[in-house]
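Before I ask anything, here is the structure I am working with.
No lab work stands behind these numbers, since they all come straight from the coordinates. What you see is a predicted model; the values in this text were computed from it and never measured. Counting neighbours? That spans all protein chains shown, and the Cβs are built from the backbone with ideal geometry, glycine included.
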Amino acid sequence: MSFLEKFKVGLSKTSKNLREKVLGVFSPGKLSSDFLDQLEEALIEADIGIEAAMAIREQVQEESRKNAIRSEEDLFSVMTRVVESILSEVDAHLKTASSGPTVYVLVGVNGSGKTTTIGKLAKRFTSQGKSVIVAAADTFRAAAEDQLAVWAKRSGATIISHQEGSDPGAVAFDAIKSALARNVDVVLVDTAGRLQTKKNLMEELRKVIRVIKREIPDAPHEVILVIDGTTGQNGLSQAKVFMEAAGVTGICVTKLDGTSKGGIAVAITKDLGIPVKLVGVGEGIEDLRDFDPSLFAKALFER
Ligand SMILES: Nc1nc2c(ncn2[C@@H]2O[C@H](COP(=O)(O)OP(=O)(O)OP(=O)(O)O)[C@@H](O)[C@H]2O)c(=O)[nH]1
Ligand SMILES: [Mg+2]
């Protein structure tokens, strides 16, 4: 299956559910407040978040007053437009360095897909002819480095790692120094998803970022929070915590191929103003793409 097919199949369950719930109570013309309540509820169930659900409700109500919702398709096209405009309010493009190495730090709770996403990103950049260093700054988990080494090999990136239990800041430092010395184009920093305590983890992330900034003042160019799309609204509270500690600049939503409802992408953008920049739709090296607001909005509501 191509990326697009996986992406659409992933979101098709959500759109099917939404359609069934909404169309079961829809009758064209002036829409009742009962209908609007049910619409809002169905949207919240799709993980879209309360604010976005309210925004959609208001727009649908407004269009209905103008008698502009005469068919099911009118209804869904209004909803698609609102979601697309929410997602387009923020810049979804990955930033790159104007000169010197581009540095991305990937953060997120354990199992969200950080290491896998680094592998996919490394492959993307090496395929573009760029040199890539991956930094194994998850020194907490024994197998973390091995896992990253496999991705480095697959993608043709160079791995920088220290012993298990060593200082993640020192790994990041080495990676940056090495990138500067060898004119490497991209540095991707893998971080731990779990430490003894959440406080430790956040302090460690702050330190990693501080170390990078000291060597390259405008780096990291992106701090990407990786969120497992199947975690639903929990993703929103994760995002808040990481935003405070690590200054997240963009989100990667993974596992959109699975049982994810996908709506979390809208909730995070609307509630926190952080753009979704990447989406993952599988475990393979090619299963990552830049986020496309228009495609996403359509897939969420498409038949
Ligand atoms: N289906 C699917 N699986 C994914 C995707 N991204 C990652 N995974 C899987 O999710 C699991 C966890 O991925 P990792 O990359 O190890 O996650 P991590 O955030 O590095 O986890 P920790 O290192 O434990 O913090 C692995 O089995 C991956 O293959 C995705 O987009 N779709
Ligand atoms: Mg990992």
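Top mean-square fluctuation among 165, 235, 49, Gaussian network model of the chain, C-alpha springs under 10 Å?
165
For the chain, compute Rh as the Kirkwood radius over C-alpha pairs and then the Stokes-Einstein diffusion coefficient at 37 °C and 0.692 mPa s; write the answer in µm²/s, rounded to an integer.
Translational diffusion coefficient: 164 µm²/s.
Okay, moving on. Mind telling me which of 268, 176, 216 comes out most flexible in a GNM of the chain, alpha-carbon contacts under 10 Å?
216
Here's a follow-up. Can you pull the Kirkwood radius for segment 72-200, inverse mean 1/r over Cα pairs, to one decimal in Å? Kindly include the intermediate steps, with their values, before the conclusion.
Values: mean 1/r = 0.0619 Å⁻¹.
For segment 72-200, the Kirkwood estimate is 16.1 Å.
Convert each backbone phi in segment 21-26 into a coupling constant with the Karplus relation 6.51 cos²θ - 1.76 cosθ + 1.60 (shift: θ = phi - 60°), then list the ³J(HN,Hα) values in order as whole Hz, x for Gly and Pro.
5, 6, 6, x, 10, 8
Another one. Determine the dipole magnitude for segment 162-288: charges of +1 sit on the beta-carbon of Lys and Arg, -1 on that of Asp and Glu, nothing else is charged, the reference point is the Cα centre, and the result goes in debye to the nearest 20. Could the numbers behind the result be given before it?
Working: 15 positive and 17 negative charges, 103 e Å.
My answer is approximately 500 debye.
Considering Cα pairs under 8 angstrom that are at least six residues apart, work out the relative contact order of the chain and quote it in whole percent. Walk me through the intermediate numbers first.
On the way: 591 pairs, mean separation 80.7, N = 303.
Worked out over the chain, it gives 27 percent.
Continuing with this model, one more query. Specify the angular offset, from 0 to 90 degrees and rounded to the nearest 10, of the alpha carbon long axis of helix 198-215 from the longest principal axis of the alpha carbons in the chain.
That works out to roughly 60 degrees.
Taking θ = phi - 60°, what integer Hz values does the Karplus form 6.51 cos²θ - 1.76 cosθ + 1.60 yield along segment 246-251, in sequence order, with x for Gly and Pro?
Using θ = phi - 60°, the values come out as 10, x, 4, 10, x, 10 Hz.
Right, next: What is the angle, in °, between the Cα long axis of helix 114-127 and the longest principal axis of the Cα atoms in the chain? Nearest 10 is fine, range 0 to 90.
With rounding to tens, the tilt is 80 degrees.
List the residues whose amide H sits under 5 Å from the amide H of residue 107, counting only those 5 or more places along or on another chain, with H placed 1.01 Å from N in the peptide plane.
The answer is 224, 225, 226.
As I understand it, the value is the acute angle between the Cα axis of helix 33-45 and the longest principal axis of the Cα atoms of the chain; what does it come to in degrees, rounded to 10?
In the chain, helix 33-45 runs at an angle near 20 degrees to the longest axis.
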